[in-house]
Amino acid sequence: MRPRDWLCYHAGVMTTRHTHPMVFMFLILPFGVMAGFLSVSVAYLLSKGGVSLTQTAALLALGLVPHTWKFAWAPIADTTLSRKTWYVLACVVSAAGIWATGAFPAKGSSLPILSIVVLVSNIAVTFLGMSVESLMAYGTPESEQGRAGGWFQAGNLGGGGLGGGAGLLMAQHLPAPWMAGAILGLACLLCAVGLLFVPEPPSAHRDGGLGRSLVNVGVDLWSMAKARAGFLALFLCILPIGSGAAGGLWSACADDWHASANTVAVVTGVLGGIVSAIGCLLGGWICDRMNRKTAYVLYGILQALCAVAMAMAPRTEMSYIVFTTLYALITGLTFAGFTAFVLEAMGQGAAATKYNVFASLSNTPIYYMTRIDGWAHTRWGPAGMLHTEAAFGLAGLVVFLGLIAVLGRRSRASAF
């Protein structure tokens, strides 16, 4: 089957069994648990162990590196093994990585080995994400892409709250430090039960051997990227709109707002996960009722305004509670909006590769904004960090609106 024939054949392919979007929430939970455990639990414990915010931010940013480059190995998931097999393998390695991350002492001397564990386990969890994304692309009708994105990101961010809040509480109260990671790792393994409720999608792009399959993947990717909707969505991913990067540093800079360990664990962990999950479901619902890229931009504006308001508010524990909770809600909106417009732009086909091109690009602003936020905090303090994030977000909005205006003029000119 030639690449063009495959694309035509593929356009009408759907799984024969409809999957309820809630299943994707459970399947993606380990992805969020790993991120939350590192950014909340481990980051807080490192700060108490004398590790600087700059070093902690660097470790968090290292965990994001595989998520920035995962598009490079996404074709492996699209052309080898089944989606469910990749999920099980990745889930086992990810669970082991979560346990190992919590097993080492929270000291500066542990940073070298922690860096290796964080890097390897985050590479593994990218394959878990690819499996769920492919299952979702085939199991979701166009009219429910917003809902699916909402449930998917509810699991992602809710898992972050579980890994962060519950992980920190367990790390502080259990007799041995490795127990928190072990319990979370076991919980992640149990999420594989969700595979029983979703069908294995077809693999029309795996035609004629590995070489031909990779060609099919490349043709499908190029077809998406050259389309106007696909190009706009790809460009939007690299802009610092709605990155939510400051959320990864709340626990590390909690002392600036005089927030206690229990407050950090509850607000940025369990409560933050619940609130962000609600934001995801709300954001997905809205995206099914308006232009999805427009919704994503509006969510980014709300996040920038929240950062500015937090910077101007009194530096008290109550301010910390109110604004980090509001920030979590808006982050849920932005994540659901991202997934909804990506599902709309990419279609099916080589779903793991296409989704992860978007996801890798979208992690680029999270990576550089995490580093920039850490640098701004060191230079100008917490208010400077928040104003810096808001300024970058609004600048990204201006660039995106400018691109839309340019493409609009070119489209009208070519019509004459």
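The numbers here are math on the coordinates, done by the rules we state, and not lab data. Keep in mind that this is a model prediction, so the values were computed, not measured. Don't worry about glycine lacking a Cβ; one is built from the backbone with ideal geometry, like all the others, and counts go over all protein chains shown.
At a glance:
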read-out	value
Tensor-based shape of the stretch 265-416 (alpha-carbon gyration tensor, a/c under 1.5 rounded, otherwise prolate or oblate)	prolate
Pairwise centroid distance, computed over Cα atoms, of the stretch 281-351 with the stretch 114-169, Å	16
Lysine pair count for the chain [Cα-Cα under 24 Å; pairs on different chains or 8 or more apart]	9
Euclidean distance between Cα centres, the stretch 17-64 to the stretch 233-265, Å	11
Segments 19-31, 134-146 sorted - mean Cβ within 10 Å per residue, highest first	19-31, 134-146
Exposure proxy order (Cβ contacts within 10 Å, fewest to most) of HIS173, HIS258	HIS173, HIS258
Neighbour-limited loop hits for trypsin sites (Lys or Arg not before Pro), the stretch 269-303 (at most 13 other Cβ within 10 Å; DSSP other than H, G, I, E, B)	ARG289
Structure-based [θ]222 nm, the chain - -39500 (n - 2.57) summed over DSSP H runs of at least 4, per residue, nearest 500	-24500 deg cm²/dmol
Convex hull of Cα atoms in the chain, direction-averaged projection (nm²)	19.3
